[in-house]
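The values are calculated or read from the model by the stated rules, or taken from the named source; none is laboratory data. Note that the structure is a prediction, hence the values are computed from the model and not measured. Here the Cβ positions follow ideal geometry from the backbone for every residue, glycine too, while neighbour counts run over all protein chains shown.
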């Protein structure tokens with residue numbers, strides 16, 4: 001049975017007579033579009049610790065070639081960015097974006113006292129904590145809290161996955177995770193849920209029971225809303241059949257709809273290349289490279305590329321020296337890609353890693369990732385970065 | 001009908017254990033909560049069976065290397081280390097399942113429930129089966145004993161020493177990780193110690209290490225035996241002295257009691273009650289059994305505001321279903337997929353602070369999944385969700401045997417839950433109950449909170465074709481409600 005959104009909202013309106021209409025349902029009655037001009041952030045998580053040195057390659061650095069006799073990428077194979085740096089040979093479409101001025105690179109990004117456990121370091125990146133702090137909420141979740149105080153529209157933040165990452169989990173609000181708008185819609189539209197909601201919806205946010213009903217209501221109406229939006233202007237561009245391809249296609253379709261989503265989150269991995277790195281990283285980069293072209297083409301065709309910023313990160317980089325298994329082990333600082341038609345500063349935005357100045361064989365970070373977050377929150381999403389991050393970080397000027 | 005006692009007894013079963021077992025249905029309304037508590041306590045005081053899920057390969061390797069001195073893990077050949085790691089991943093899965101079975105079947109409900117609490121309090125993740133099972137066995141042995149013994153043993157466990165880098169804590173090169181978490185998370189709590197306390201106590205723990213077998217190993221030559229000052233005490237303080245000084249602070253009793261109250265009673269703390277409990281806990285010399293007895297035999301524990309006020313953790317939710325619905329799970333590893341999808345993988349806490357719990361368990365994905373699972377279990381149906389990778393465990397080895405197994409179990413999501421529910425056994429519980437009262441009986445058995453949808457509204461989702469199918473479908477539907485997430 002299909003329950004259309006209008007009917008669902010009508011149900012909410014009916015309730016006003018006898019019950020108070022919960023604020024979080026009201027939110028869906030007055031659409032707040034992320035219309036043209038409204039900026040959208042797409043976070044690309046390279047899970048597992050991508051090897052930054054074989055991503056943006058220091059093609060003139062003797063130490064790099066000395067430390068990686070088996071893994072180093074030859075200068076003439078790398079896609080030249082400038083005299084000192086080249087991109088991984090698989091990233092041809094990223095190289096084109098770079099040449100157009102739509103891709104910038106931040107080098108040496110990290111945080112003090114780096115942690116080499118995947119989970120812990122990912123936690124630090126997702127919660128925007130220092131390495132000796134433990135936060136229970138993620139930075140994008142707290143953005144949702146700040147944007148949505150009392151309005152409760154979790155569709156502002158969507159993750160392309162079956163499970164919601166900590167990054168999207170706020171103290172009050174949580175984003176929605178989905179792999180496929182239709183599947184989310186179908187699983188959530190069991191009439192049993194709707195009937196329970198109708199009977200059980202009441203507004204006592206402090207009570208855990210009411211919290212469950214609130215999440216259920218947001219999920220049901222959110223799933224419906226996302227599904228309707230995904231059908232509005234679905235992308236007709238051909239994407240590769242990979243997971244990242246499907247996810248970017250869904251994101252492109254939603255971006256060209258009237259949906260209120262401001263942040264999309266998508267992951268690619270695993271980049272944990274302890275063994276036979278060359279083949280693994282190449283495969284993942286091919287997937288990324290093949291998916292990014294139709295995605296940016298879509299955005300350009302819909303005149304949204306100026307409003308969309310894609311930002312990549314990984315929980316850590318890898319050690320400078322290769323290991324004995326044709327791979328690299330967990331390291332520290334890493335690079336980030338910034339992809340958008342609206343970049344103010346283009347190209348390589350800071351110096352390449354200094355391989356002669358390492359700490360126990362690892363790169364030193366020169367740029368706290370929280371400065372990048374602060375910049376994006378403040379300048380791109382027009383949010384209160386101090387409130388969301390809890391500290392004031394100096395902004396960068398790439399946007 | 002003494003429904004009041006029934007509700008109280010169920011409350012006790014959910015908080016002091018993993019929910020009422022199906023077999024208790026008929027006595028739930030007859031027993032006095034205090035009598036029930038004492039029977040649970042008595043069963044929980046027995047010494048626990050030692051869990052050993054480690055593969056002989058690992059034991060042989062480790063025991064065969066006894067000649068190797070302390071901290072000589074580095075002397076293992078790379079392939080030996082890799083074998084330990086790979087085999088550990090499989091063995092820890094078995095340990096996980098072993099513990100879930102214990103939680104489900106053991107009469108020592110309070111001991112296992114307390115152990116799960118301490119497992120989150122003393123959160124560690126090592127991916128070494130010997131270390132993980134040793135710490136769990138320590139915790140289960142002391143779960144209801146004395147907090148002083150528990151703290152001392154955990155602090156000297158290989159698991160904690162490795163997880164918080166104390167093997168690297170050496171004279172002249174202190175590593176403060178353990179000292180800091182000891183105070184922030186394990187004993188006294190944030191705001192009650194200074195950075196100097198962290199630095200000074202880290203020096204006292206220098207030389208605390210562990211050997212390959214996982215035994216505590218004190219290394220005098222790495223120990224800083226200079227003068228330290230900690231909480232006003234000055235001298236050549238040892239690690240044991242530091243633990244003693246922390247335990248001599250009443251704030252430690254307050255911190256632990258407050259956490260226990262939030263976990264076992266209500267997230268909204270009643271300061272007066274917690275202060276009184278903390279004083280008694282302190283005066284008893286940290287007797288955990290006595291503290292839990294005061295809580296579960298108090299009248300305020302059974303106050304309406306405490307009943308149904310908590311969101312079940314994924315493990316409590318899953319074990320609770322198994323206790324209420326007798327079933328045979330043909331692919332027990334599928335439970336780990338659920339743990340992962342719902343955010344509570346045993347032996348893999350998010351960080352040293354453990355699982356934050358409460359509302360943090362619930363987002364749109366986890367709630368919808370929890371509400372769908374009872375239907376899926378009943379049909380042995382496929383679940384389409386896939387958990388995220390765990391790179392700490394997989395190490396990018398997707399093409400290797402270990403990773404193949406993991407991926408197999410990950411994709412096992414596609415045919416999750418080959419279960420046989422013993423409906424006959426379950427339905428027997430309702431013998432003697434009139435058809436017209438069945439709904440109420442099942443509802444009162446399963447739920448701790450009033451469900452807004454009434455029997456009439458639920459009726460269209462119920463298979464009325466026979467008494468059996470009616471009982472089945474009411475049960476499955478009620479387990480798929482928001483109320484069933486609460487206890």
**Prompt:** Based on what the data block shows, is residue B:361 in contact (Cβ under 8 Å) with a residue 40 or more places away in the chain, within 30 Å of residue B:429 (Cα to Cα) and within 14 Å of chain A (Cβ to nearest Cβ)?
**Reply:** no
**Answer from A:170, A:209 - the residue that is free of Cβ contacts under 8 Å to residues at least 24 places away in the same chain and surrounded by 18 or more Cβ atoms within 10 Å (Cβ to Cβ)** = A:209
**Message:** Go through the stretch A:348-382 and report how many residues are surrounded by fewer than 21 Cβ atoms within 10 Å (Cβ to Cβ), assigned to a loop (DSSP other than H, G, I, E, B) and within 20 Å of the chain's Cα centre (by Cα).
**Reply:** 1
**Asked** What number goes with the only condition from (1) at pLDDT below 95; (2) within 14 Å of chain A (Cβ to nearest Cβ) that residue B:120 does not pass?
**Response** (1)
**Request:** Return a yes/no flag: does the stretch A:385-394 have any residue that is at pLDDT 95 or above, within 22 Å of residue A:98 (Cβ to Cβ) and either under 20 Å from the mean Cα position of the chain (by Cα) or outside any strand (DSSP E or B) (or both).
**Result:** no
**Asked** Considering only residues of the stretch B:40-58 that are more than 20 Å from residue B:103 (Cβ to Cβ) and free of Cβ contacts under 8 Å to residues at least 40 places away in the same chain, which is surrounded by the fewest Cβ atoms within 10 Å (Cβ to Cβ)?
**Response** B:56
**Prompt:** Taking into account only those residues within the stretch B:179-200 that are under 15 Å from residue B:250 (Cα atoms) and surrounded by fewer than 17 Cβ atoms within 10 Å (Cβ to Cβ), which is nearest to the other protein chains (Cβ to nearest Cβ)?
**Reply:** B:190
**Item:** Any chance residue B:60 is assigned to a helix (DSSP H, G or I) and modelled with pLDDT under 85
**Value:** yes
**Request:** For the stretch B:261-277, name all the residues that are part of a helix (DSSP H, G or I) and under 19 Å from residue B:299 (Cβ atoms).
**Result:** B:261, B:264, B:271, B:272, B:273, B:274, B:275, B:276, B:277
**Residues that are within 14 Å of chain A (Cβ to nearest Cβ) and either assigned to a loop (DSSP other than H, G, I, E, B) or surrounded by fewer than 19 Cβ atoms within 10 Å (Cβ to Cβ) (or both), drawn from the stretch B:441-455** = B:447, B:448, B:449, B:450, B:451, B:452, B:453, B:454, B:455
**Complete:** Residue hits (the stretch A:173-196; facing chain B (nearest Cβ under 9 Å) and in contact with a helix residue (DSSP H, G or I) (Cβ under 7 Å, 6 or more places away or on another chain)) are A:174, A:175, A:176, A:177, A:178, A:184, A:187, A:188, A:192, A:193, A:195
**Request:** Of the conditions (1) modelled with pLDDT of 95 or more; (2) within 9 Å of another protein chain (Cβ to nearest Cβ), residue B:348 clears all except one; give me its number.
**Result:** (1)
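Table: residues versus (1) part of a loop (DSSP other than H, G, I, E, B); (2) within 11 Å of another protein chain (Cβ to nearest Cβ).
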{"position": "A:115", "(1), (2)": "yes, yes"}
{"position": "A:119", "(1), (2)": "no, yes"}
{"position": "A:122", "(1), (2)": "no, yes"}
{"position": "A:125", "(1), (2)": "no, no"}
{"position": "A:131", "(1), (2)": "yes, yes"}
{"position": "A:136", "(1), (2)": "yes, yes"}
{"position": "A:141", "(1), (2)": "no, yes"}
{"position": "A:144", "(1), (2)": "no, no"}
{"position": "A:155", "(1), (2)": "no, yes"}
